[in-house]
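Let me begin by presenting the structure, written as structure tokens, before commenting on it.
The values are calculated or read from the model by the stated rules, or taken from the named source; none is laboratory data. Since the model is a prediction, treat every value here as computed from it, not as a measurement. Cβ placement follows ideal geometry from the backbone for every residue including glycine, while neighbour counts extend to all protein chains displayed.
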């Protein structure tokens, strides 16, 4: 076989390869054919179980909302979630059923919640900065004592608090519910912010000290802007817990004019006679609206704060 014949065969064999490469644009990858495995029955069953469990968990809430549009005589006889007709009479009657319009009690709750949120943000962040950044004697001892207070139930300290506030003349005012928040009494939020502050590099503090900044300036201009997720988590949890608080507000607020929404809802339940269940469910639905609004708008900050704090 001559050299020309071999060269011709070589060109003949290489030609398809060259043609195939020309069809693929340079710098791109060839598409790969992927085959998805069909969803197994185990995965489908897991999702069905989660959906059923979720419906079972949310059913009481949906039933309460549906019952707020029903007359009292058929609320407990009709368990359906779809009322036969939308009757807003329970909302109108419930709003004006007590000594004051129900909006008055919503304003009272907002005042308590606003004071509690501001107090926790200021006091807990300052205490957390001290534990995370300052060095002082018996620091670990005080931090351990602070953690122990998390395990104390409210029923243990409510009697000494009542005696103290009674001597100060604060009963039937919002002061017993707001002033302790400015004294960093919620150890959970202190611990939450301490964990977040410890994850911030200390090189930022050192650079600020070189520029002549003190602890107040470092706390205000460096730590707080970086701790927005932790602050948002503290604000959301404080709002929800204070808004839903019943026990302490029932103890310190005995005057009906100072009642919050949780204590006012109790007035719809009569232990000696008939209870206004329709009006109770209607006003309960109204009191849930602020919680849903706060949670929906602050959900991303809540998730980010919990996630970053847990990682650090």
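Observations on the structure shown:
- For the residues 79, 83, the requirement of being surrounded by 14 or more Cβ atoms within 10 Å (Cβ to Cβ), more than 30 Å from residue 195 (Cα to Cα), modelled with pLDDT under 90 and more than 26 Å from the chain's Cα centre (by Cα) singles out 83.
- Counted residues, segment 120-141 - those being loosely packed, with under 14 Cβ neighbours inside 10 Å and within 28 Å of the chain's Cα centre (by Cα): 1
- Residue 117 under 25 Å from residue 234 (Cβ atoms), surrounded by fewer than 13 Cβ atoms within 10 Å (Cβ to Cβ) and in the same structural domain as residue 267 (by TED's automatic domain parsing): no
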